[in-house]
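Scroll down for the structure; my scribbles are underneath it.
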Amino acid sequence: MNKENPVKIKFYNGEDIPLELHKVRIVQKLHLVPIERRLEALYEGGFNTFGLKTTDIFLDMITDSGVNAMSDNQLAAMMQADDAYAGSQSFIRMQKAVEDVLGQKYLLPVHQGRAAENIIACAYIKKGSLIPMNYHFTTTLAHITQYGGRIVELLYDEAYKTTSSHPFKGNMNIEKLEGIIIKEDASNIPFIRMEASTNLIGGQPFSIQNLRDVKAIADKYGIRLVLDASLLGENAYLVKQREPEFAEYSMGEIIQIMTGMADIVYFSARKLSSSRGGGICTNNDKIYREMEPLIPLFEGFLTYGGMSVREIEAIAVGLYETLDETMISQSPDFIRYLVNSATEQGVPMITPPGVLGAHVNARDICKHLDKREYIAGAFAAAFFLISGVRGMERGSLSNQRDEYGNETYADMELLRLAVPRRVFTLSQIKYVIDRLVWLNENRELIGGLKFVYEPPVLRFFMGRLEPVSDWPQKLIAKFKEDFGDSL
Ligand SMILES: Cc1ncc(COP(=O)(O)O)c(C=O)c1O
């Protein structure tokens with residue numbers, strides 16, 4: 001038995017297949033359009049997968065954010081939302097869930113995760129502040145720099161290895177953390193940020209032991225510890241699987257050990273709780289008061305924070321459902337299946353499998369491309385073209401230029417194929433693997449991209465690109481040769 005299969009359901013034939021412990025009750029029709037239409041769609045969308053429309057997309061694996069399947073109980077709760085500007089019962093239910101699940105007394109509601117980042121940055125970052133973190137997330141970096149701060153990323157070298165068996169690549173390098181604090185002076189460091197299931201390096205978790213070590217240093221120098229809990233459920237699940245000390249702990253116990261060490265916990269409810277919205281939580285009265293006035297200023301009154309009351313109800317139920325291991329394990333188990341099967345068939349994947357999505361190592365596949373040609377962006381466009389599957393570029397295109405306007409090349413060039421919770425079937429995942437294998441075998445046909453419109457901030461969202469040659473047409477010709485009239 002693979003020890004990472006929590007539901008422990010064996011197949012007689014010995015296959016390691018993740019078995020769904022839910023049934024589908026509402027479905028949505030998908031569109032698998034011909035490859036010629038997919039090429040047109042790419043041109044219309046500026047060869048940026050964010051520019052595509054869902055009518056042209058077969059499997060939308062761009063993100064898990066706000067697109068995890070909701071449960072019947074969440075939908076039911078949304079029907080009894082209490083629509084009040086102030087003092088809504090829905091908010092009180094969310095507060096109770098935050099206290100029960102995350103162990104945090106105070107809750108500041110916000111409209112999504114990046115809004116929490118804006119509030120925290122606005123409250124604590126001054127010009128020149130330094131924020132040590134295990135790794136940045138795009139919106140976190142944008143908000144910190146917006147307020148004049150800088151970041152330093154402190155992963156261990158192992159995290160930058162694309163293939164590894166290290167169970168906790170999201171761990172923070174403790175020696176480097178202490179070195180930076182001594183060099184910089186603690187007074188210039190308003191907080192240390194730990195991101196659960198570190199998104200941009202492949203959804204890789206940190207261990208509780210590492211968090212304890214970070215906490216000890218934060219306490220030693222009197223620095224706040226901020227936990228980005230957007231992917232906390234998955235991090236907790238992998239702690240249970242991979243950190244022997246916690247093998248027998250419940251999800252709830254593990255979650256509260258982690259949140260209990262942080263001074264501020266914030267989350268995107270688009271991820272945590274399978275809904276939309278977000279929150280900033282704390283047990284510290286002073287911290288709460290420091291951020292409280294910013295909520296009505298940026299978000300909305302303190303009992304809705306820019307969210308609809310229906311979403312608030314869905315968050316409350318979704319937070320409790322995070323404690324259900326059969327729910328939280330579904331996406332990581334499908335990802336593990338995808339990563340292991342693709343790897344076995346020769347596709348370079350980031351290992352060990354993480355959470356939120358499978359990550360394809362585009363740099364390894366497209367060795368013939370120059371780093372200035374946006375390798376992961378080109379691979380994402382090529383993969384959409386030959387499969388109708390929309391992934392997300394996670395490489396240099398997602399980086400921002402430095403203060404002098406120079407490119408800052410990413411440590412990794414990845415195509416992220418998100419696997420939102422309980423959305424796809426196993427045959428759809430098998431289709432993804434099949435097309436990945438084909439594209440890997442025809443990788444020489446993939447060419448580069450160049451910008452035709454490059455916005456100054458978060459360029460990966462709105463930027464428009466075009467291919468540097470007629471490589472998409474050549475890829476189509478080979479697809480037709482191999483697949484005939486198959487979509
Ligand atoms: C780790 C992490 N932090 C913050 C955010 C930002 O959250 P949102 O998209 O709700 O603004 C995300 C979103 O993907 C995330 O993955």
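Table for the structure above
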{"item": "Cα-based reach from residue 126 at 15 Å (exclusive), listing aspartates and glutamates while leaving out same-chain residues under 8 positions away", "result": "117, 184, 185, 290"}
{"item": "Environment charge at residue 401 (Cβ cut-off 10 Å; Lys +1, Arg +1, Asp -1, Glu -1)", "result": "-3"}
{"item": "Table column - 3J(HN,Hα) (Hz), region 101-115, Karplus curve with 6.51, -1.76, 1.60, x for Gly and Pro", "result": "8, 9, x, 10, 6, 9, 10, 10, x, 9, 6, 6, x, 5, 5"}
{"item": "Spatial extent of region 72-324: Rg and Dmax, with the Cα atoms as the point set, Å", "result": "17.5, 54"}
{"item": "The chain: antiparallel DSSP beta bridges as a percent of all, rounded to 5", "result": "60"}
{"item": "Amide H contacts of residue 155 (H built 1.01 Å from N, under 5 Å, at least 5 apart or other chain)", "result": "173"}
{"item": "FRET E, pair residue 345, residue 55, Förster distance 30 Å, beta-carbon r, rounded to 0.05", "result": "0.45"}
{"item": "Percentage, to the nearest whole number, of Cα pairs in region 297-369 over 16 Å apart", "result": "66"}
{"item": "The chain, helix-only ellipticity at 222 nm - DSSP H runs n ≥ 4, -39,500 (n - 2.57), divided by all residues, nearest 500", "result": "-11000 deg cm²/dmol"}
{"item": "Region 240-322, relative contact order in percent, only Cα pairs under 8 angstrom and at least six apart counted", "result": "27"}
{"item": "5 angstrom amide H check on residue 105, placed H, neighbours 5+ away", "result": "282, 283"}
{"item": "DSSP bridge pairs, region 72-324: antiparallel proportion in percent, nearest 5", "result": "45"}
{"item": "Surrounding net charge for residue 359, when Lys and Arg each add one and Asp and Glu each subtract one, Cβ distance under 12 Å", "result": "+1"}
{"item": "Relative contact order (percent, whole number), the chain, Cα cutoff 8 Å, 6+ residue spacing", "result": "22"}
{"item": "Point-to-point label distance, residue 73-residue 182, nm (Cα→Cβ direction, 7 Å offset)", "result": "5.0"}
{"item": "Residue exposure sequence - 198, 343 - by fewest surrounding Cβ within 10 Å", "result": "343, 198"}
{"item": "3J(HN,Hα) from dihedral phi, region 197-205, Karplus parametrisation 6.51/-1.76/1.60, rounded to Hz, x for glycine, proline", "result": "6, 2, 4, 6, 9, x, x, 9, x"}
{"item": "For region 327-429, convex hull volume per residue from C-alpha positions, Å³", "result": "112"}
{"item": "DSSP-loop GluC sites (Glu not before Pro) across region 181-271, with at most 11 other Cβ within 10 angstrom", "result": "248"}
{"item": "Environment charge of residue 105, counting only residues whose C-beta is closer than 14 Å and scoring Lys/Arg +1, Asp/Glu -1", "result": "-2"}
{"item": "Rh by Kirkwood over Cα pairs, then Stokes-Einstein D for region 391-477 at 1.002 mPa s and 20 °C, µm²/s", "result": "139"}
{"item": "J(HN,Hα) series, region 59-70, from Karplus relation 6.51 cos²θ - 1.76 cosθ + 1.60, nearest Hz, glycine and proline x", "result": "9, 8, 10, 5, 6, 9, 6, x, 10, 5, 5, 8"}
{"item": "Neighbour count of at most 11 Cβ within 10 Å plus DSSP loop: longest chymotrypsin sites (Phe, Trp or Tyr not before Pro)-free window in the chain", "result": "86-403"}
{"item": "Placed amide H near residue 450: partners under 5 Å, 5+ positions off or other chain", "result": "466, 468"}
{"item": "Rg/Rg_globular for the chain, with Rg_globular taken as 2.2 N^0.38 Å and Rg from C-alpha atoms", "result": "0.95"}
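Since every read-out is calculated from the coordinates, none of them should be taken as a lab result. Nothing here was measured: the structure is a model prediction, and the numbers come from that model. Note that we place each Cβ from the backbone using ideal geometry, even for glycine, and neighbour counts take in every protein chain shown.
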